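The values are calculated or read from the model by the stated rules, or taken from the named source; none is laboratory data. Computed from a predicted model, the values in this text were never measured in an experiment. With ideal geometry, Cβ positions are generated from the backbone for all residues, glycine too; neighbour counts draw on all protein chains shown.
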Amino acid sequence: MVRGSSFRAGRSVLGVLLLCLLSSPIRADEVSESWTGHVEARGNYYWERSTRVMAPETILRLESPSGVDVDAAYLVDAITSASQAAGALVDVEFTELRHDVGLGVGYEFDLGEEQLELRGGARVSKEPDYLSLGANVSAALSLDHRATILRASVATVHDEIRQNFRRGAGARPDASGNTSVGAFDENLDGVVLSVGWEQILTPVLTAQVTYEFGYLRGFLANAYRRVSVADVLRPENHPSTRRRNTLSGRLIYYVPQSGTGFHALYRAYFDSWDIGAITPEVRVYQEIGRSLSIRARYRHYRQTRAFFYQAPEDYVAEDVFVTADPKMSRFHSHLGGAQLLVHFDFVRAPAMAWFRGATLDFSFDHIWNTNRFGNGVISTIGLRVPF
């Protein structure tokens, strides 16, 4: 496997939060006492020099007449990679599947002048050598006729990391010099706390600010990656704890006359491994008639290196923490992309009435990256149909 446990831990924690962050309004019919919602099918694609990921996804969102809303999601990653880090002693290509299932439930309480939304969710992600279990709870308090929203959330994750040896010699020494396939058995636990503020400043200007703290403890390296230290291959070893701090903000400005939206985003990150990063981003949304809109974006990312990252030739036998992970190095990247969104409100044929209100979106982003992963492509296509 080419992805390190630190990457997978980040993906696991973020995956736990997706059920909270991606929820969208659904309206149930209280008169007919029927359930309403939408179903969504998505195809996600990622490519970089040594890895290709194809990830179809299905999302279902429902709201009951009583106001309880439920969302369920299923995703499968088909990850194809070629690397000695794949768990074989020779450079081979392999494909691995990851199954991800999530469920969330929420309800909004009407407190008169204010509204309080409470949500909870759980998630399971399974790979041949990796099991991730997560749960989250969140709250959103709306004030001043929803002009102000205060948010808070807690997410936890427990990961179990193993090793699967594929082709090649079928055995690889662990840190103690053993070659037993069952010798590797590690765990990772994490918690993410988040608070946020959203404010409508004017009829056309909105501001959002979020602070997030994450704490990870356990195995944070790659179970397969090796580092050449003084001409000896050693297992990658990262510190067993990591504290992450993230502050992000967004300004949204809308021009009604032209149907144009401008988004300015900024993210600042610092962790206990001395990695600091900034991510400024700009987006422009443009409506074209009532049924079509486009989005263009540019994002820059720049980070410092982890305190234990060095070139392989600079490590010495006395070094405790060693890594060959490019994500631990100093690097920067540029991302540019576009999205096309089609609204099917124009559908009038009675036989296609079920399709009215559906949306189709397609996006394509290209990453120019200065670390060893090289450049990459991210693309997604999705269809959402209400009912």
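Here are some conditions: (1) surrounded by fewer than 18 Cβ atoms within 10 Å (Cβ to Cβ); (2) in contact with a Ser or Thr (Cβ under 6 Å, 6 or more places away or on another chain); (3) without any contact (Cβ under 8 Å) to a residue 40 or more places away in the chain. Pro312 meets all but one. Which one does it not meet?
(3)
Filter region 210-247 down to the residues that are under 21 Å from the mean Cα position of the chain (by Cα), surrounded by 17 or more Cβ atoms within 10 Å (Cβ to Cβ) and of a type in the set (Ser, Thr, Tyr) and list them by number.
Thr210, Thr246
Determine if region 356-375 includes at least one residue that is farther than 30 Å from Thr260 by Cβ, aromatic (Phe, Trp, Tyr) and touching a helix residue (DSSP H, G or I) at 6+ places or on another chain (Cβ under 9 Å).
Among the residues of region 356-375, at least one is farther than 30 Å from Thr260 by Cβ, aromatic (Phe, Trp, Tyr) and touching a helix residue (DSSP H, G or I) at 6+ places or on another chain (Cβ under 9 Å), which makes the answer yes.
For region 96-152, which positions are in a strand (DSSP E or B) and at positive phi? Reasoning before the result, please.
Restricting attention to region 96-152, the residues satisfying the condition of being in a strand (DSSP E or B) are 96-110, 115-127, 130-143, 148-152.
Those that are in a strand (DSSP E or B) and at positive phi: none in region 96-152.
Given the structure, is Ala207 more than 19 Å from the chain's Cα centre (by Cα), more than 23 Å from Gln303 (Cβ to Cβ) and in a loop (DSSP other than H, G, I, E, B)?
No; evaluated as a whole, the condition is false for this residue.
Which condition breaks for Ala338 when tested against (1) crowded, with 18+ Cβ neighbours inside 10 Å; (2) over 30 Å from Val227 (Cα atoms); (3) in contact (Cβ under 8 Å) with a residue 24 or more places away in the chain?
Exception for Ala338: condition (1).
If you scan region 223-240, which residues turn out to be at pLDDT 90 or above and touching a Leu at 6+ places or on another chain (Cβ under 6 Å)?
Of everything in region 223-240, just one residue is at pLDDT 90 or above and touching a Leu at 6+ places or on another chain (Cβ under 6 Å), namely His238.
Test each condition in (1) at pLDDT 95 or above; (2) touching a helix residue (DSSP H, G or I) at 6+ places or on another chain (Cβ under 7 Å); (3) small (Gly, Ala, Ser) for Ala171 and report the one that comes out false.
(1)
Looking at (1) surrounded by fewer than 17 Cβ atoms within 10 Å (Cβ to Cβ); (2) touching a Phe, Trp or Tyr at 6+ places or on another chain (Cβ under 9 Å); (3) of a type in the set (S, T, N, Q), which is the one condition that is false for Ser293?
Failing condition for Ser293: (1).
Here is a check on your reading of the model: is Phe362 surrounded by 13 or more Cβ atoms within 10 Å (Cβ to Cβ), in a loop (DSSP other than H, G, I, E, B), touching a Ser or Thr at 6+ places or on another chain (Cβ under 9 Å) and touching a residue at least 12 places away in the same chain (Cβ under 8 Å)? Write out each step before concluding.
Values: surrounded by 13 or more Cβ atoms within 10 Å (Cβ to Cβ): yes; in a loop (DSSP other than H, G, I, E, B): no; touching a Ser or Thr at 6+ places or on another chain (Cβ under 9 Å): yes; touching a residue at least 12 places away in the same chain (Cβ under 8 Å): yes.
In short, no.
So, in region 183-204, exactly how many residues are in a loop (DSSP other than H, G, I, E, B) and either surrounded by fewer than 17 Cβ atoms within 10 Å (Cβ to Cβ) or of a type in the set (Asp, Glu) (or both)? Working first, answer last.
Kept after step one, since they are in a loop (DSSP other than H, G, I, E, B), are these residues of region 183-204: 184-185, 203-204.
Of the ones still in play, those that are also either surrounded by fewer than 17 Cβ atoms within 10 Å (Cβ to Cβ) or of a type in the set (Asp, Glu) (or both) are 185, 203-204.
Residues flagged as in a loop (DSSP other than H, G, I, E, B) and either surrounded by fewer than 17 Cβ atoms within 10 Å (Cβ to Cβ) or of a type in the set (Asp, Glu) (or both) within region 183-204 amount to 3.
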